[in-house]
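The values are calculated or read from the model by the stated rules, or taken from the named source; none is laboratory data. Please read these numbers as outputs of a predicted model, since none were measured by experiment. FYI the Cβ positions are ideal-geometry reconstructions off the backbone, even for glycines, and counts take in every protein chain you see.
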Amino acid sequence: MDVIRGLLGAQSAAITEHPVSFPVILEDTSMVPKGKVIDKITIKPIKVRTVAQMIPLLVSIDSEDLQKITTDKTRPFDADAVTMFEKYNDTILNILCIGIHNKQGTAPDWFKEMLQVNFTWQELHVFLNAILYRMGSQPFQNSIILSNRMSPMDDKGIIAMSKNLKQHLTSIQSL
């Protein structure tokens, strides 16, 4: 819980255009390439290309579940977040890989396993919220919630997002 409060404090003091770094100690480095040292996870301002890759994944999470996963000053850590992380395990890990990598191409094959093996859901929760914060996700999340409640999208938009998500998941699985 203190980790979450620390993140919220850092976010309120930070500007979304600035990166945030979290010092880390990896207990298992067997999947990390020899010579590669990971002593911090840095989340930089999210680029447009990265947002485009994350949108289909974020939209695939039920809006009420997404609210439980995200935190801000008015909505601190939700006890159901861990359940949501378990429910959306692969989707959230893919969002984390895309958001932390945040550059052209995909994250290295070993990166997802490194996250799974070395971090708790609470730690991954901090990383995810830092990514969403740098993405400026609050307006985006509000639009997801609104669209899920009011269904303003037509069938073509829903089909396009579904195809986008399937294509992205296929490209990730082929790695």
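In a helix (DSSP H, G or I), in contact (Cβ under 8 Å) with a residue 60 or more places away in the chain, under 12 Å from the mean Cα position of the chain (by Cα) and under 27 Å from THR170 (Cβ atoms): does that describe MET114?
No.
Give me the pairs, please: first residue somewhere in the range 30-57 and within 27 Å of LYS87 (Cβ to Cβ), second residue anywhere and assigned to a loop (DSSP other than H, G, I, E, B), beta-carbon distance under 6 Å, and either six or more positions apart or on two chains.
As it stands, the answer is ILE41/VAL24; THR50/ASN102, since those pairs meet every condition given.
State yes or no: is VAL20 at pLDDT 90 or above and β-branched (Val, Ile, Thr)?
Judged against the criteria, VAL20 is a match.
Counting only residues that are touching a helix residue (DSSP H, G or I) at 6+ places or on another chain (Cβ under 8 Å) and more than 19 Å from ARG134 (Cβ to Cβ), give me the helices (runs of 4 or more DSSP H) lying completely in the range 34-109 with at least 2 of them.
Details: elements: 48-59, 63-69, 81-87, 89-101.
In the range 34-109, 63-69, 81-87 are the helices (runs of 4 or more DSSP H) which contain 2 or more residues that are touching a helix residue (DSSP H, G or I) at 6+ places or on another chain (Cβ under 8 Å) and more than 19 Å from ARG134 (Cβ to Cβ).
Determine if the range 61-79 includes at least one residue that is modelled with pLDDT of 90 or more and either out of contact with any Pro (no Cβ under 8 Å at 6 or more places or on another chain) or farther than 18 Å from VAL126 by Cβ (or both).
Looking through the range 61-79, at least one residue is modelled with pLDDT of 90 or more and either out of contact with any Pro (no Cβ under 8 Å at 6 or more places or on another chain) or farther than 18 Å from VAL126 by Cβ (or both).
Only one of (1) loosely packed, with under 14 Cβ neighbours inside 10 Å; (2) out of contact with any strand residue (DSSP E or B) (no Cβ under 7 Å at 6 or more places or on another chain); (3) over 19 Å from ASN129 (Cβ atoms) is not met by LEU26, so which one is it?
Of (1) loosely packed, with under 14 Cβ neighbours inside 10 Å; (2) out of contact with any strand residue (DSSP E or B) (no Cβ under 7 Å at 6 or more places or on another chain); (3) over 19 Å from ASN129 (Cβ atoms), only one is false for LEU26: (1).
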